[in-house]
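The values are calculated or read from the model by the stated rules, or taken from the named source; none is laboratory data. From a predicted model like this one, the values you see are computed outputs, not experimental measurements. Here the Cβ positions follow ideal geometry from the backbone for every residue, glycine too, while neighbour counts run over all protein chains shown.
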Amino acid sequence: MDDKLKEYSETIQLATYDVGVKNKLRLSSLMRYCQEISERHLGVYGLPYEKLKADGLVFVFTRAQIKIHNLPVHRDTIRMTTRACGVVGAQFYREFEVWRGEELMVEVLEASALVSAREHRLLRPKAFSRYGISAGENSGQRLGRIAMPKDAPQVGERMVRYSDLDYNGHLNNAIYCDIFCDFVPGGMMGRNLVDFQIHFVLETRLGENLKIYAKEEDGAVYLGGDNPRGSSFVCRAVFE
């Protein structure tokens, strides 16, 4: 990999639609920026989403952990940096950092899988090797599964609508963050989220209904959703 391309950065000024009622960067907006910056990084190699899809390949987020030290606010100018962190099993790892000046505000570790564009069938990482681009080196970064408490009660339901869908035809990853914020026990007002993990288990499609379950346990909040075909996602969050 060319040394100049191991790390990719963009400068962003946060707009009104990036922040929520607290005037701080939304969790879902952060996830959208992670998606966009990772795609632009691949674009530097001549591999934008459209090229990969035409070749029958799509990267999908599978897991993420977000560590929040502070959150930028409306009109803040931030620098978002990403770097590839190698492959573990079938997972491609990537780090993101959000900086405001010299202040490191947010750290994200994300894992993606390579799937076939048509069937969304999991592919081996070697399918990406045709492009002659290294996926970087992994220095121990890894995200495990989140165990949802078995006795978590149902706290609501969420129907997937047309506006929830992304260009892969299913519920966009960022929307799961909004679902968490909407259904988390105790709400988001008056609380500071400092650690958030999410595991995307099974894609959810147009018209499917998510049954939402949640429980606070051992200082963390667990929230997950089941669609008609099984567990769709699981989150673990810590507030201070």
Under the condition of being touching a Pro at 6+ places or on another chain (Cβ under 9 Å) and touching a residue at least 12 places away in the same chain (Cβ under 8 Å), which residue from the stretch 86-100 is nearest to ILE68 (Cα to Cα)? VAL98
When the residues of the stretch 159-176 are filtered to those that are within 22 Å of TYR17 (Cα to Cα) and more than 19 Å from the chain's Cα centre (by Cα), which remaining residue is surrounded by the most Cβ atoms within 10 Å (Cβ to Cβ)? ARG161
Counting only residues that are surrounded by 14 or more Cβ atoms within 10 Å (Cβ to Cβ) and of a type in the set (A, V, I, L, M), which one in the stretch 34-55 is nearest to the chain's Cα centre (by Cα)? ILE37
For the stretch 101-112, what are the residues that are touching a residue at least 12 places away in the same chain (Cβ under 8 Å) and surrounded by fewer than 17 Cβ atoms within 10 Å (Cβ to Cβ)? GLU103, LEU104, GLU107
Is it fair to say TYR167 is at pLDDT below 95 and not assigned by TED's automatic domain parsing to the domain that holds TYR49? yes
Using the structure shown, decide if VAL160 is in contact with a helix residue (DSSP H, G or I) (Cβ under 9 Å, 6 or more places away or on another chain), modelled with pLDDT of 95 or more, under 27 Å from VAL58 (Cα atoms) and outside the structural domain of ARG121 (by TED's automatic domain parsing). yes
In the set ASP182, ASP164, ASP151, which member is of a type in the set (D, E, K, R) and under 17 Å from GLU208 (Cα atoms)? ASP164
Mind checking which residues of the stretch 128-171 are touching a residue at least 60 places away in the same chain (Cβ under 8 Å) and of a type in the set (S, T, N, Q)? SER134, ASN168
Here the residues within the stretch 185-202 that are farther than 17 Å from TYR213 by Cα and of a type outside the set (S, T, N, Q) are MET189, GLY190, ARG191, LEU193, VAL194, ASP195
Here are some residues: ARG63, ARG75. Which one is surrounded by fewer than 18 Cβ atoms within 10 Å (Cβ to Cβ) and either free of Cβ contacts under 8 Å to residues at least 60 places away in the same chain or in the same structural domain as ARG121 (by TED's automatic domain parsing) (or both)? ARG75
List every residue pair whose Cβ atoms lie under 7 Å apart, where the two residues are 6 or more positions apart in sequence or sit on different chains, the first residue falls within the stretch 15-40 and is in contact (Cβ under 8 Å) with a residue 40 or more places away in the chain and assigned to a helix (DSSP H, G or I), and the second residue, located anywhere, is buried (at least 17 other Cβ atoms within 10 Å of the Cβ) and among the charged types (D, E, K, R). ASP18/ARG26; SER28/ASP178; SER29/ASP18; CYS34/GLU110; SER38/ARG94
Where residues in the stretch 186-240 are hydroxyl-bearing (Ser, Thr, Tyr) and not in a loop (DSSP other than H, G, I, E, B), which of them is surrounded by the most Cβ atoms within 10 Å (Cβ to Cβ)? SER232
For GLU95, which of the numbered conditions (1) over 21 Å from MET31 (Cα atoms); (2) at pLDDT 95 or above fails to hold? (1)
